[in-house]
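Colleague: Submitted below is the structure of interest, expressed as structure tokens.
The values are calculated or read from the model by the stated rules, or taken from the named source; none is laboratory data. Quick caveat: nothing in here was measured; it's all calculated off a predicted structure. A quick note on method: Cβ atoms are made from the backbone with ideal geometry, for glycine too, and the neighbour counts reach across all protein chains shown.
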């Protein structure tokens, strides 16, 4: 049995990276030929003392754990430096490691790094047995900016399990709920979404529900959400940060998912919405266009344009038949390549190859 050390967030933590870890653990339990998958928290969340202690345990695990390959979940800034240190520990003992790149802001991180810092990142990536990315834009970034050979770069789309048949036709007695799930901040396009929804008063049964943790760097955006809820409690609601199961329940009740982000990898929430037959109004950033085909299984608008966003939301809120057609197509797209089993099998093959 292959022994895999999975280093990153744990399944219980918030965020898309943790959702990937949860899906991998679930699929491993369901597999006819599971691996020995050990999940280790690398210390990305919590108070500084707790983060330091968790990182130390992850580093110790890289030095002492009896495993065949380490799979490192990587985002920008601190996540990169922690995993680079763990990768160094793996290399010193001859343990192969792979990189699973998630961070939506990695291009900006690389461009803002010093020459010495970028060389360290290049060394980290060059030492990997494989580099997993979420789509072609990230494959080009890793190849062009970090000079990793394309033969070692593997596109593995995020996947989720348990897709349900789409809710079509939309029940006439149910409100048309537009759902936003993600960090409440500017990068996710929350200010534009609030401004766009102000233009939808002509759709009487529409409501907006926002859910997700507040961005610590965007307190003004959080205040905008609170003000919108205070002034329009009949139309706008903030559900706060939700556990994975409750987030999925909220998506099941959604007419549309709205995610007007300025930067993304391939958001798990979009894939999860598609698995439930919920069309998404989103932006062509990151690998989004590899999942969402404009006008077929969802709608793409340019980021930072609340008027265009309002127009597309109104179009789908007014046309239930169009929304239902997109719902069926979204579910079909998920079934054809964005399910968790496909993601797990692709990664399992890389683990086996790296383990030799």
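Colleague: Would you mind stating whether residue 168 is touching a helix residue (DSSP H, G or I) at 6+ places or on another chain (Cβ under 6 Å) and within 26 Å of residue 334 (Cα to Cα)?
Modeller: Against the criterion (touching a helix residue (DSSP H, G or I) at 6+ places or on another chain (Cβ under 6 Å) and within 26 Å of residue 334 (Cα to Cα)), residue 168 qualifies.
Colleague: I've got another one for you. Determine whether residue 66 is modelled with pLDDT of 95 or more, closer than 26 Å to residue 215 by Cβ and either within 22 Å of the chain's Cα centre (by Cα) or in a loop (DSSP other than H, G, I, E, B) (or both).
Modeller: Spelling it out, it is not the case that residue 66 is modelled with pLDDT of 95 or more, closer than 26 Å to residue 215 by Cβ and either within 22 Å of the chain's Cα centre (by Cα) or in a loop (DSSP other than H, G, I, E, B) (or both).
Colleague: Go over the candidates 46, 103, 94 one by one and state the one that is outside any helix (DSSP H, G or I), free of Cβ contacts under 8 Å to residues at least 24 places away in the same chain and within 20 Å of residue 12 (Cα to Cα).
Modeller: 46
Colleague: Next up: Within the range 233-261, how many residues are part of a helix (DSSP H, G or I) and either outside the structural domain of residue 307 (by TED's automatic domain parsing) or touching a residue at least 60 places away in the same chain (Cβ under 8 Å) (or both)?
Modeller: 5
Conditions tested, residue by residue: (1) modelled with pLDDT of 95 or more; (2) closer than 17 Å to residue 286 by Cβ; (3) in the same structural domain as residue 232 (by TED's automatic domain parsing).
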| site | (1), (2), (3) |
| --- | --- |
| 144 | yes, yes, no |
| 151 | yes, no, no |
| 155 | yes, yes, no |
| 168 | no, no, no |
| 181 | yes, yes, yes |
| 186 | yes, yes, yes |
| 189 | yes, yes, yes |
| 193 | yes, no, yes |
| 196 | yes, no, yes |
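Colleague: Checking the structure you have, find out if any residue of the range 50-62 is in a loop (DSSP other than H, G, I, E, B), closer than 21 Å to residue 97 by Cβ and in contact with a helix residue (DSSP H, G or I) (Cβ under 6 Å, 6 or more places away or on another chain).
Modeller: No, the range 50-62 contains no residue that is in a loop (DSSP other than H, G, I, E, B), closer than 21 Å to residue 97 by Cβ and in contact with a helix residue (DSSP H, G or I) (Cβ under 6 Å, 6 or more places away or on another chain).
Colleague: So, one more: If we scan the range 117-135, do we find a residue that is more than 26 Å from residue 330 (Cβ to Cβ), out of contact with any helix residue (DSSP H, G or I) (no Cβ under 9 Å at 6 or more places or on another chain), at pLDDT 95 or above and loosely packed, with under 13 Cβ neighbours inside 10 Å?
Modeller: yes
Colleague: Further, regarding this structure: Inspect the range 293-307 for any residue being in the same structural domain as residue 202 (by TED's automatic domain parsing) and either part of a helix (DSSP H, G or I) or modelled with pLDDT under 95 (or both) and give the result as yes or no.
Modeller: Checked the range 293-307: at least one residue is in the same structural domain as residue 202 (by TED's automatic domain parsing) and either part of a helix (DSSP H, G or I) or modelled with pLDDT under 95 (or both).
Colleague: From the list 213, 169, which residue is within 24 Å of residue 303 (Cα to Cα), in contact (Cβ under 8 Å) with a residue 40 or more places away in the chain and surrounded by fewer than 17 Cβ atoms within 10 Å (Cβ to Cβ)?
Modeller: Exactly one of 213, 169 is within 24 Å of residue 303 (Cα to Cα), in contact (Cβ under 8 Å) with a residue 40 or more places away in the chain and surrounded by fewer than 17 Cβ atoms within 10 Å (Cβ to Cβ), namely 213.
Colleague: If you go through the range 323-340, how many residues are within 18 Å of residue 29 (Cβ to Cβ) and in contact with a helix residue (DSSP H, G or I) (Cβ under 6 Å, 6 or more places away or on another chain)?
Modeller: Final tally of qualifying residues: 1.
Colleague: Any idea how many residues of the range 264-289 are farther than 21 Å from residue 325 by Cβ and in contact with a helix residue (DSSP H, G or I) (Cβ under 8 Å, 6 or more places away or on another chain)?
Modeller: Qualifying residue count for the region: 8.
Colleague: Considering the range 227-245 alone, what residues qualify as being closer than 30 Å to residue 20 by Cα and exposed (fewer than 13 other Cβ atoms within 10 Å of the Cβ)?
Modeller: 240, 243, 245
Colleague: Just to be sure I understand, how many residues within the range 52-101 are surrounded by 15 or more Cβ atoms within 10 Å (Cβ to Cβ), over 21 Å from residue 130 (Cβ atoms) and touching a strand residue (DSSP E or B) at 6+ places or on another chain (Cβ under 9 Å)?
Modeller: 2
Colleague: Next question. Scan the range 289-313 for residues that are more than 16 Å from residue 328 (Cβ to Cβ) and under 18 Å from the mean Cα position of the chain (by Cα) and jot them down.
Modeller: Those that are more than 16 Å from residue 328 (Cβ to Cβ) and under 18 Å from the mean Cα position of the chain (by Cα): 289, 290, 300, 303.
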